[in-house]
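J.: I have a structure here, written as C-alpha cells, and I will follow up with some questions on it.
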Amino acid sequence: MKLSLALDWSPNTLHAGYFVAEAKGFYEDESLEVYFINPEDDNYAKTPAKKLADKEVHLAITPSESVISFNTLEESIPLTAVAAALQKDASAIVVRADSEIKRPAQLDGKIFASYNARFEDDIVRQLIKNDGGQGDIQISNPAYLEMWRTVADGSADATWVFLPWEGSKAELEQDLSFRSFVLSNYGIPYGYSPLLITHAEFVSSEEEAIQTFLRTAEKGWRHVAENPEEAAELLHEYFDHANWQNLPMIKKSLQMLAPHILSEDGQWGFMNGTRWLDFVEWMIETEVLKDVNGVSMNIGQVDTSMFYTNDFFK
C-alpha cells in the first residue's frame with residue numbers, strides 16, 4: 001500500500017509522531033509506503049488542504065479552520081478530519097516578552113503578522129475584543145513563513161505560533177522569550193490543530209491505507225508522548241533535514257509538546273464532537289464565519305458532523 005501526506009510546513013516537531021513511525025519501521029512492518037510531501041519542494045505554492053482538495057495527496061496536515069473553510073465554499077469541497085495530532089492546543093498569539101503589550105486588548109493599533117488564512121485575522125480581532133479592545137489591528141503578510149522572526153526583529157508586534165516549535169527556536173536561536181495569549185483563556189473555544197484530514201472520497205476508497213497509517217502513526221505519537229528525549233534523538237539520527245539537526249532544541253520542543261499529545265484518558269487522535277460544534281457556533285455568533293462573499297453564515301448552513309469522523313478509531 002502507498003499513501004501520501006502533505007505537510008503544512010517543513011518537517012518539525014508538530015510532525016514528530018509520523019516521522020518517528022518511519023524511523024522505527026512501523027510503516028514497513030505494515031507493508032505501507034508513506035510519502036511525505038514537503039511544502040518546501042514547491043516553495044509553499046499550494047497549501048496542503050488545496051493539494052488534498054485537488055486529490056494530489058491522500059492526507060494533509062491542517063488546522064480545523066481549513067476543514068471549515070473548504071466545506072463552506074460556494075461549491076463546497078468535502079474535506080474531512082480523521083485524527084487530531086494533539087488533544088490540547090499548543091498554539092498562542094505571541095508578542096515579545098519585553099514588549100509593553102501585556103494583554104490582547106493592547107494589540108489595538110499594532111501590527112499582526114498573518115498567514116492570510118481565511119479566518120485567522122478575524123479570530124485575532126475577536127480575541128482583542130474579548131479582552132476589552134476594539135479589534136483594530138494592522139495586518140501584514142510577510143513573504144517568508146517563520147512568522148516569529150517578524151516579532152523578533154520588530155517588523156510586527158504579534159503573530160500566531162506553536163509554542164513548542166517556534167517558542168523553542170526563538171529561545172535557543174536568539175535567546176528570545178515570548179509573552180503568549182492562549183485563545184481559550186480569552187473565551188475562544190478553539191478547535192483542533194494540527195489535524196490529519198482527507199478527502200471524503202478517500203474515506204472509503206483508501207480506507208485500508210488510511211486505517212493502517214493511523215494505527216502506525218498512533219504508535220509513533222505515543223512513543224513521542226512517553227519518550228520525548230528518545231524520540232528527539234531518533235529524529236536527529238535518522239533524518240537529515242536541517243530542522244532535525246539541533247538536538248537540544250528538538251529535545252526541548254518535544255518535552256514541551258508531549259503533554260499535548262494524548263487526552264486525559266490516554267487517547268490519541270479521537271475528536272470530540274462538542275469541541276467541533278462549540279468552535280463553529282462561536283465563529284457564527286461572533287460573525288467570524290462568513291461565506292466567501294463576506295456574508296455571515298448561520299448554524300442552519302453548517303453541519304459539523306461532516307467535518308470529521310472517528311470511524312477509524314472504532
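Read-outs throughout are calculated quantities, based only on the coordinates presented, and are distinct from any laboratory measurement. Remember, predicted model here, so these are calculated numbers, not experimental data. When we count neighbours, we look across all protein chains shown, and the Cβ atoms used for this are built from the backbone with ideal geometry, even at glycine.
J.: Hey, what did the stretch 91-186 get for relative contact order, percent, Cα under 8 Å, at least 6 apart?
T.: Details: 168 pairs, mean separation 41.0, N = 96.
Contact order relative to length: 43 percent.
J.: To check my understanding: the extent here is largest minus smallest coordinate of the Cα atoms along each principal axis. What are those three numbers for the stretch 6-87, in Å, largest first?
T.: 43, 27, 24
J.: Starting from the 7 Å offset along Cα-to-Cβ, what nm value, one decimal, do you get for the label separation of Glu287 and Arg215?
T.: It works out to 5.0 nm between the two label points.
J.: If you don't mind, another one. For a Förster distance of 25 Å, can you work out the FRET efficiency between the beta-carbons of Lys110 and Ile299, rounded to the nearest 0.05? Walk me through the numbers on the way to the answer.
T.: Numbers: r = 33 Å, r/R0 = 1.31.
The formula returns an efficiency of 0.15 here.
J.: For the stretch 178-311, state the semi-axes of the equivalent ellipsoid (square roots of 5 times the eigenvalues of the alpha-carbon gyration tensor), sorted largest first and rounded to whole angstrom.
T.: Its equivalent ellipsoid spans semi-axes of 32, 21, 14 Å.
J.: Can you check what the net charge comes to around Val20, using other residues whose Cβ is under 12 Å from the Cβ of Val20 (Lys, Arg +1; Asp, Glu -1)?
T.: On the way: positive: Lys24, Lys219, Arg222; negative: Glu22, Glu218, Glu226, Glu230, Glu233, Glu237.
In short, -3.
J.: Karplus couplings for the stretch 146-155 from phi (6.51 cos²θ - 1.76 cosθ + 1.60, θ = phi - 60°), rounded to Hz, Gly and Pro as x?
T.: With the stated coefficients, the stretch 146-155 comes to 8, 4, 4, 5, 5, 6, 4, 8, x, 6 Hz.
J.: Another one. If the cut-off is 27 Å between C-alpha atoms, which lysines fall inside it for Lys110, apart from same-chain ones fewer than 8 positions away?
T.: Lys102, Lys129, Lys169, Lys290
J.: I would also like to ask the following. Mind listing the phi-derived Karplus ³J(HN,Hα) values for the stretch 43-55, rounded to whole Hz, using 6.51, -1.76 and 1.60 with θ = phi - 60°, and x for any glycine or proline?
T.: Going residue by residue, I get 6, 6, 5, 9, 5, x, 5, 5, 4, 5, 4, 8, 6 Hz, with x marking Gly and Pro.
J.: To the nearest 0.05, what FRET efficiency results for Ser204 and Glu230 with a Förster distance of 45 Å applied to their C-beta separation?
T.: On the way: r = 37 Å, r/R0 = 0.82.
My answer for the efficiency is 0.75.
J.: Determine, from the Cβ-Cβ distance of Glu75 and Thr274 and an R0 of 35 Å, the FRET efficiency 1/(1 + (r/R0)^6), rounded to the nearest 0.05. All intermediate terms of the calculation are to be shown ahead of the outcome.
T.: Numbers: r = 29 Å, r/R0 = 0.83.
Efficiency for this residue pair is about 0.75.
J.: Taking 0.36 nm per residue of sequence separation and subtracting the Cα-Cα distance, how much length would be gained by fully extending the chain between Asp153 and Gln138, in nm to one decimal?
T.: On the way: separation 15, 0.36 × 15 = 5.40 nm, distance 1.70 nm.
Net length gain for the segment: 3.7 nm.
J.: Still on this structure: Determine the calculated [θ] at 222 nm for the chain from helices alone, applying -39500 (n - 2.57) to every DSSP H run no shorter than 4 residues and normalising by the residue count; nearest 500 deg cm²/dmol. It would help to have the intermediate numbers written out before the result.
T.: Working: 12 runs with 111 residues, N = 314.
When only DSSP H runs of four or more count, the value is -10000 deg cm²/dmol.
J.: Next up: I'd like the distance between the alpha-carbon centres of the stretch 183-235 and the stretch 115-170, rounded to an integer number of Å.
T.: When both Cα centres are located, 25 Å separates them.
J.: Can you tell me how the chain classifies by the Cα gyration tensor, rounded, prolate or oblate, using a/c under 1.5 as the rounded cut?
T.: Values: a/c = 1.73, a/b = 1.16, b/c = 1.49.
Cα axes put the chain in the oblate bin.
J.: Something else: What are the ³J(HN,Hα) values, in whole Hz, obtained from phi via the Karplus relation 6.51 cos²θ - 1.76 cosθ + 1.60 with θ = phi - 60°, for each residue of the stretch 166-175 in sequence order, with x given for Gly and Pro?
T.: Karplus values, whole Hz, x for Gly and Pro: 5, x, 5, 4, 4, 5, 7, 8, 10, 6.
J.: Still on this structure: Once fully extended, how much extra length lies between Phe36 and Glu173, figured as 0.36 nm per residue of separation less the alpha-carbon to alpha-carbon distance?
T.: Details: separation 137, 0.36 × 137 = 49.32 nm, distance 2.67 nm.
Net length gain for the segment: 46.7 nm.
J.: So, one more: How big is the stretch 91-186 in terms of Cα radius of gyration and Dmax, in angstroms?
T.: 12.1, 35
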